[in-house]
Amino acid sequence: MDSIQTNLPLLLDELILVLPHVMTGEAPMPPSPAAGMECHTGHRLDVVIKALGGIREVVVLEILRLKGCVADASLAEACREARLFFDVKVANYCLHFVAAQEAEIALHASQLKDANERLMAASEISRAAAHSRVQLLQGVTHELRNSLQSVLLNATSLVEGPRDPGVNEVMDRLAMNGTHLQRLLDRLQSYAPLLAGESPAQSDRVNLDAFLEALEQRHRALARTTQTRLTCQRTSGPATITTDLKKLNAIADNLVTNAIRAAQTGVVQVEVSGDGAEGVLLKVSDNGNGISVVEARQMFCVMHHAPASHFPGLRLGLLATRHLAHLLGGEITFESEVGKGASFGVTLPNLSARH
């Protein structure tokens, strides 16, 4: 009896080493002192239980061969202990097997959750981009309609009206609206690939200091013409980000141009800072007249144009800027107070931080 209790665990350890390879047809590995009941998730649980049950019965039969050499009571006790030993091992194996399966299911569930979150985020970006594209198209149509209507009205009054000194004023209006229409058509041509959805996002590694230096150089002439002081600097955050440089330049150019025209002999500041998760905030501020409460409420409305607006030129630029920000997975916001200027901020994610 003592010999059985001492040697049975050792026998089982050797059998466990052989068991997985018996089921897979592989050559068994040399025995290890630390060998134990390791759970193999690649094996079917019912096959392992059946194999261990078969080994149990073989051990019991070997014990029963001692009949006549030991007392019947001791032999029965040995058989009971052998069966109990194997039953406990089977139960432990089942527990480990279930734990391993739960861990694998949890891993797959986590992966599915992460994939679903990415899909939802991509869907939100797609919906926002589609919505802003529709508004951009509506804005283009609205601006063209207004300019053409003004040109037609002035042309009609010039042709049908009497030839008086007011003709010069009408001619000036025609020239002004013609220029406005030409600018709008030029802007529309530059945005044509964007509106047609033919401008896929690029993943460029952008050095933000170099980006700001190039931005300042592009707008230095306009700032000098309007006697506006333009400064560009990076105050915090990553030195480089992965984004679409072409779209980022278009966003910055629109905001800086609007700010310089609004400031007029004032100051325009461009600042890039960190925005969490290695993203950045592009902020363009001016000390111009600011934006009224009424205009602020309608800032991104397509069919709105306020007299003496903070942006007396094309409203298409702001709509395009918001659309570009949405395409990059970002958003545009602004703050303003009448008489104290305005500040526009664009949050942009770092594409490399998403992978």
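Cβ-Cβ distance of residue 156 and residue 225, R₀ of 35 Å, FRET efficiency by 1/(1 + (r/R0)^6): the value works out to about 0.45. Sorting 241-252, 143-154 by their mean Cβ neighbour count within 10 Å, with the most densely packed peptide first, gives 241-252, 143-154. For residue 234, the residues whose modelled amide H falls within less than 5 Å of its own, excluding neighbours fewer than 5 places apart on the same chain, are 272. Counting heavy atoms of the protein chains alone, residue 213 has an accessible area of about 110 Å² for a 1.4 Å probe. Applying 1/(1 + (r/R0)^6) with R0 = 56 Å to the Cβ-Cβ distance of residue 119 and residue 62 gives a FRET efficiency near 0.40. Quote the FRET efficiency, to the nearest 0.05, computed for residue 207 versus residue 337 with a Förster distance R0 of 30 Å and r equal to the Cβ-Cβ distance. Plugging the Cβ-Cβ distance into 1/(1 + (r/R0)^6) gives 0.30. In a DSSP loop and with at most 12 other Cβ atoms within 10 Å, the trypsin sites (Lys or Arg not before Pro) in segment 41-102 are 44, 65. Here the simple spin-label model places points 7 Å from the Cα toward Cβ, and for residue 79 and residue 144 these points are separated by 9.6 nm.
The values are calculated or read from the model by the stated rules, or taken from the named source; none is laboratory data. If you're wondering where the values come from, they're calculated on a predicted model, not measured in any experiment. No Cβ is skipped: glycine too gets one built from the backbone with ideal geometry, and neighbour counts run over all protein chains shown. These area figures cover heavy atoms from the full protein model, side chains too; ligands, DNA and RNA do not enter into them. Shrake-Rupley method; radii C 1.70, N 1.55, O 1.52, S 1.80 Å.
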